[in-house]
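Written below as structure tokens is the structure these notes are about.
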Amino acid sequence: MTGTLNRRTGMTGHTTTGRPGITARIRAVSGRLSDRIHAAADDRARAQGWQVTQTAGRLGLGGRSYRDPRFAVRRQALQDTPVRTDQRHE
């Protein structure tokens, strides 16, 4: 830390140099904790070929979003199928 004297107030202000602030350290710790919490589910999802996306979570911990890419194939197949409008619903 270095101190600088403010001549107007007579107070010394301290600044940090080259060290991450408390906010950066808290983010780093919460990121590592989040990775540990989600590790087993991430591994299972990746083993099944799912896509794992990190998201913002609650309480400063990261969240995860899991997606099976086969849903995109199914969605495309449904979009390519013509809709029949000549059926009667009774």
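Values in this text are rule-based calculations from the coordinates and carry no lab data. Since the model is a prediction, treat every value here as computed from it, not as a measurement. Quick reminder, even Gly has a Cβ in these numbers, built from the backbone with ideal geometry, and neighbours come from all protein chains shown.
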ALA72 versus ARG8, label points 7 Å from Cα toward the beta carbon: distance in nm? 5.7
Sort SER65, SER30 so that the residue with the fewest other Cβ atoms within 10 Å of its own Cβ comes first and the one with the most comes last. SER65, SER30
